[in-house]
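Below: one structure, written as structure tokens.
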Amino acid sequence: MSRAYQKVPIVDTARRCGLVLDSRTLGRREVEASCPFCGDRGPGKHHLYLRTDTDQYRCVLCGAKGNSVTLYAQTHNLSNKEAFLELTAGGKVYPFPQQPTPQTQEKQPRPLSERHEVYTDMLGLLSLSDEHRANLLERGLSEERIERNMYRTMPKTEQGRRLLAAMLRRCGHDLDGIPGFRTYYGDWTIAGPDGFLIPVRNKEGLIQGLKIRKDDEDGGKYRWLSSRDMPNGTRSYSWIHVTGDIHSKRAFLTEGPLKGDVASFLSDDSLFVCLGGVGAIGNLDEVLTGLGVTEVVEAMDMDMMTNPQVRQSVLKVRATVQKIPGIKYRKYTWNPAYKGIDDYYKSLAATM
Ligand SMILES: [Zn+2]
């Protein structure tokens, strides 16, 4: 038998899986449906995008993705082969569409105020290594600002990590639901690569989460402190970092909390709103509206527009901001010899 490609239409498959389709999107290239994997955090929402051209699906909320065959296989508890055979055989069955129940979902991080308390006490127990301090000074930060921003070195040994967790528990903190903490054979510890921690704060200065600047740069320089998919672990989100003068009417928009901290320090505490990743728009409109700014200046890295995928994300950020009423949007350009706005400000500081 020839294994010629056989198209298995994704929308038809979704119907056979009993997914609720958003009727307004039918006939489009991308049809939206309820997500059977996460339940969309409630009824009436459709986070699962069905691509009719490639017959693939992706949930923008939980990240589940695959094609017609894997969608059918997973919702019917079949192997991919069994699913394929059923989908391509005659005698189709269309169950009545059913709203999935939310919260087969993974554990969510504890509320901001509680994360802030645990993280603040945790940073209070840690110190900053000479090597990491030198790295931060090199970026243009002052000793005083390094102290104030509370960068800290991750404990290097497993023993040190367990001790940190034990001390926090002794202070009365429950580590369950705090991204980064997990158990290891029953003992609480903290997960993550070696490096230094960067507090990611909201406009009130509360620590939402922590990013790690890794010592080992393989596979990216930065990583969220997270213990997703680990015993008693908790996922992180790409929280948006706010740094600088929050009363400013003008916000600079960039990617990366440390970049924002440095650029803000080098520009007399200009207000910086820093995405956790260029694709992580999340509640950007809420953050900007909450700050009450009237002008947003895009200050993404210069090389971002050369990578087509990153470019798409930047354009999406732009479109999101431009939709907010009452905010003027412009693009900041600097000498392209400098990749990021932090490098550029550093060069200015050096010539003064
Ligand atoms: Zn989902």
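We did not get these values from a lab; they are worked out from the coordinates using the rules stated. Being a predicted model, the structure only gives us computed values, none of them experimental. Because the Cβ atoms are built from the backbone with ideal geometry, glycine has one as well, and the counts that use them run over all protein chains shown.
Tabulated data for the structure shown
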item: Distance from region 136-206 to region 270-319 (C-alpha centre basis), Å; result: 27 Å
item: FRET efficiency estimate (nearest 0.05) - Cβ-Cβ, E82 to K107, R0 30 angstrom; result: 0.45
item: Exposed GluC sites (Glu not before Pro) absent: longest stretch of the chain, with sites in DSSP loops and at most 16 other Cβ within 10 Å deemed exposed; result: 218-352
item: Vicinal HN-Hα couplings computed from phi for region 155-163 (Karplus, 6.51 cos²θ - 1.76 cosθ + 1.60; Hz; Gly/Pro x); result: x, 7, 9, 4, 4, x, 5, 5, 4
item: Extension gain (nm, one decimal) between Q312 and D53, 0.36 nm per residue minus Cα-Cα; result: 91.3 nm
item: Label-point gap, in nm, between T333 and D130 - each point 7 angstrom along Cα→Cβ; result: 4.6 nm
item: Relative exposure of T88, T183, judged by other C-beta atoms within 10 Å (fewest first); result: T88, T183
item: Region 222-264 versus region 48-101: alpha-carbon centroid distance in Å; result: 35 Å
item: Debye intensity ratio I(q)/I(0), log10, the chain, q values 0.08, 0.15 Å⁻¹ (C-alpha model); result: -0.50, -1.27
item: Whichever lysines have a C-alpha closer than 24 Å to that of K81, once near sequence neighbours (fewer than 8 apart) are set aside; result: K7, K65, K92
item: Region 149-286 - convex hull of alpha carbons, volume per residue in Å³; result: 125 Å³
item: Estimated vicinal HN-Hα couplings, Hz - region 251-262 in sequence order (Karplus 6.51, -1.76, 1.60; Gly, Pro = x); result: 10, 8, 10, 9, 10, x, x, 5, 4, x, 4, 5
item: Mean Cβ neighbour count within 10 Å, used as a protection proxy, ranking 21-28, 277-284 highest first; result: 277-284, 21-28
item: Residue order, fewest to most beta carbons within 10 Å, for D215, D343; result: D215, D343
item: Long-range HN-HN contacts of S129 with modeled amide H, under 5 Å; result: T153
item: Cut-off 15 Å between beta-carbons: net charge of the residues surrounding A73, Lys and Arg +1, Asp and Glu -1; result: 0
item: Low-density loop cleavage sites - trypsin sites (Lys or Arg not before Pro) in region 320-352, where at most 15 other Cβ are within 10 Å (DSSP); result: K323, K339
item: Stretchable slack from E158 to E286, in nm (0.36 nm times residue separation minus alpha-carbon distance); result: 42.2 nm
item: Exposure proxy ranking, count of Cβ atoms within 10 Å, fewest first, for F84, F272; result: F84, F272
item: Cα pair distances exceeding 21 angstrom across region 205-352, given as percent; result: 45 percent
item: At R0 = 22 Å, FRET efficiency that the Cβ-Cβ distance of I324 and R250 yields, to 0.05; result: 0.95
item: Net charge contributed by nearby residues that have their C-beta within less than 14 Å of H247 (K/R +1, D/E -1); result: -2
item: Aspartates and glutamates with Cα under 13 Å of K331, excluding same-chain neighbours fewer than 8 positions away; result: E295, E298, D301
item: Selection of trypsin sites (Lys or Arg not before Pro), region 224-284, meeting DSSP coil and at most 13 other Cβ within 10 Å; result: K249
item: Helix-derived mean residue ellipticity, 222 nm - over the chain, DSSP H n ≥ 4, -39500 (n - 2.57), to 500; result: -9500 deg cm²/dmol
item: Taking the chain and dividing mean pair separation by its residue count, relative contact order in percent (alpha carbons under 8 Å, at least six apart); result: 10 percent
item: Filtered chymotrypsin sites (Phe, Trp or Tyr not before Pro), region 101-197: DSSP coil and at most 14 other beta carbons within 10 Å; result: Y185
item: Shape parameters for region 10-88, alpha-carbon atoms, Rg then Dmax in Å; result: 11.6, 33
item: Of all DSSP beta bridges in the chain, antiparallel share, percent nearest 5; result: 70 percent
item: Formal net charge of residues neighbouring V296 (Cβ-Cβ distance under 12 Å; K, R +1; D, E -1); result: +4
